[in-house]
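The values are calculated or read from the model by the stated rules, or taken from the named source; none is laboratory data. All figures in this text were calculated on a predicted structure; none of them were measured in a lab. Methodologically, a virtual Cβ is constructed for each residue, glycine included, from the backbone with ideal geometry; neighbour enumeration extends over all protein chains shown. To get the accessible areas, we keep the full protein, side chains included, count just its heavy atoms, and leave off ligands, DNA and RNA. Shrake-Rupley method; radii C 1.70, N 1.55, O 1.52, S 1.80 Å.
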Amino acid sequence: MVKFFSNAQNQGHLRGLADEFGESTNSIRKELNHLSEAGFLVKVADKNRIEYQANTHHPLFSNLQDIIRNYLGFDRLLEAVLERMGEVNEVILTGDYAQGIDSGTIEVLINGDSLNESYLEHLTGRIEELIDRKVIFCLNKEINPKDSLTLYKR
């Protein structure tokens, strides 16, 4: 669920997911079939393999996405960043979490004007305690939007 509902753009195929999660293809196939039959995932044919992705038209899609994002702590992270960071224009996840991989290290890009860089030192420790994950912040960098998840945009 984290893979597909943290970022609706994430896709995965059977073998790739089995490798990513260190599980057998049989157990991954069963879960994918259950989630597809329930309508939470859609299958997309890509050459000779089937890719799975979140069904954004499912009536519970938004609720599931909110639950997953809250579970990962994105709501608390965003709240803390916007609290005293200055003139924040964007807060963007990059790295593993943008791709739906719960690796334990969240990479966050903050773009804006007159950002309070000294607040980041205090914020990093506070956020890591709150969400029980390591957080790495970067300021005002360009990234590939395909490999990211925008949490906030002014």
Given Leu41, Leu60, Leu35, Leu77, which one is more than 24 Å from Ala18 (Cα to Cα) and touching a strand residue (DSSP E or B) at 6+ places or on another chain (Cβ under 8 Å)? Leu77
Where Asn48 falls short, out of the listed (1) at pLDDT 90 or above; (2) open to solvent by 30 Å² or more (accessible area, probe 1.4 Å): (1)
Within segment 107-127, the residues that are within 26 Å of Gln9 (Cα to Cα) and either exposed (fewer than 12 other Cβ atoms within 10 Å of the Cβ) or of a type in the set (Asp, Glu) (or both) are Glu107
Where the second residue is open to solvent by 50 Å² or more (accessible area, probe 1.4 Å) and assigned to a strand (DSSP E or B) and the first is under 17 Å from Pro145 (Cα atoms) and lies in segment 86-107, which pairs have Cβ atoms under 6 Å and are six or more apart or on separate chains? Glu90/Lys153; Val91/Tyr152; Ile92/Thr150; Thr94/Glu107; Gly95/Glu107; Glu107/Ile136
Hey, does segment 61-82 have a residue that's of a type in the set (Asp, Glu), farther than 19 Å from Lys153 by Cα, out of contact with any helix residue (DSSP H, G or I) (no Cβ under 9 Å at 6 or more places or on another chain) and open to solvent by 20 Å² or more (accessible area, probe 1.4 Å)? no
From the set of residues in segment 111-127 that are more than 11 Å from Arg84 (Cα to Cα) and among the acidic types (Asp, Glu), which is nearest to the chain's Cα centre (by Cα)? Glu121
Search segment 1-41 for residues being among the hydroxyl-bearing types (Ser, Thr, Tyr) and surrounded by 15 or more Cβ atoms within 10 Å (Cβ to Cβ), and hand back the single one that is modelled with the highest pLDDT. Ser36
If you check Ser118 against the conditions, is it over 26 Å from Leu139 (Cα atoms) and in a helix (DSSP H, G or I)? no
Taking first residues from segment 118-145 that are free of Cβ contacts under 8 Å to residues at least 40 places away in the same chain and second residues anywhere that are of a type in the set (Lys, Arg), the pairs with Cβ under 7 Å that are 6 or more apart or on different chains are Tyr119/Arg84; Glu128/Lys134
